[in-house]
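None of the figures in this text is laboratory data; all of them are computed from the coordinates on show. Please read these numbers as outputs of a predicted model, since none were measured by experiment. FYI the Cβ positions are ideal-geometry reconstructions off the backbone, even for glycines, and counts take in every protein chain you see.
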Amino acid sequence: MSVLRPLDKLPGLNTAAILLVGTEDALLQQLADSMLKEDCKSELRVHLAKSLPLPSNAHRPRIDLIVFVINLHSKYSLKNVEDSLHHVDANFFLGKVCFLATGAGHESHCSVHRNTVVKLARTYRSPLLFCDLEVEGFRAAMAQRLVRVLQICAGHVPGVSALNLLSLLRSSESPPLEEL
């Protein structure tokens, strides 16, 4: 078990691999299924993990994008993501990591405040997406968006890099981290 590094493995020809990390197995599987239905020029590989570190395995594929899924209804979900972040190499945070918060639609049932997740994403300088994965239409739209981001992170979109994407996803209206 070791730190996950972005350049551990050589890229596969026309393959793009995403790792979804989160405690909600059913929601992650539904998101993965929705992603696999999307039209993608590359061979799409979706891997699921409850937490990091991943077991050491010589046959583990290269990971092009890591998505940390936080259920706002579960403090355990947030804690799991925070613990998993320690097992990711800093170079992944150069555009190859994003956070996905789910469950924000039922704010009265949330045990994790949205600002907590916003601060976490800003601390790691990574994009934060909100989506209610329990609603099929929202899940399909998020799957489409993640496939597009994955293609960019895998280097399959000419003229756009993961760092370019990171700068585009940052909101210029958001206050600096120091003000939070």
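Can you check what the net charge comes to around Lys50, using other residues whose Cβ is under 15 Å from the Cβ of Lys50 (Lys, Arg +1; Asp, Glu -1)? All intermediate terms of the calculation are to be shown ahead of the outcome.
On the way: positive: Lys79; negative: Glu24, Asp25, Glu82, Asp83.
Summing Lys/Arg as +1 and Asp/Glu as -1 gives -3.
Which residue, chosen from Ser42, Thr23, Phe68, occupies the Cα position most advanced towards the positive end of the dipole of the chain, where the dipole is computed from +1 (Lys, Arg) and -1 (Asp, Glu) charges on Cβ about the Cα centre?
Selected residue: Ser42.
How big is the charge dipole of the chain about its Cα centre, in debye rounded to the nearest 20, if each Lys and Arg gets +1 on its Cβ and each Asp and Glu gets -1 on its Cβ? Could you put the intermediate results ahead of the total?
Working: 19 positive and 18 negative charges, 88 e Å.
Dipole about the Cα centre, nearest 20: 420 debye.
Under the rule of at least 5 residues apart or a separate chain, name every residue whose amide H is placed under 5 Å from the amide H of Ala101.
Hits under the 5 Å cutoff: Ile70, Leu129, Phe130, Cys131.
Just from its helices, what would the mean residue ellipticity at 222 nm be for the chain, if runs of 4 or more DSSP H residues each count -39500 (n - 2.57) and the sum is divided by every residue, rounded to the nearest 500 deg cm²/dmol?
Calculated mean residue ellipticity at 222 nm is -10000 deg cm²/dmol.
Taking only Cα atoms and a 10 Å spring cutoff, compute GNM fluctuations for the chain and point out the largest among Ala162, Ala141, Ala32.
Result for the chain, Cα springs under 10 Å: Ala141 fluctuates most.
Between Pro127, Pro158, Pro61, find the one with the highest GNM mean-square fluctuation for the chain; connect C-alpha pairs within less than 10 Å.
Sorting by GNM fluctuation, first place goes to Pro158.
What shape does the chain take by its C-alpha gyration tensor, where a ≥ b ≥ c are the square roots of the eigenvalues and a/c under 1.5 counts as rounded, a/b above b/c as prolate, and the rest as oblate?
Rounded.
Quick one: among Lys79, Lys96, Lys50, which has the greatest mean-square fluctuation in a GNM of the chain with alpha-carbon springs under 10 angstrom?
Among Lys79, Lys96, Lys50, the largest GNM mean-square fluctuation belongs to Lys79.
Based only on other Cβ atoms within 10 Å, what is the fewest-to-most ordering of Thr23, Thr123, Thr102, Thr116?
Going from least to most buried by this count: Thr123, Thr116, Thr23, Thr102.
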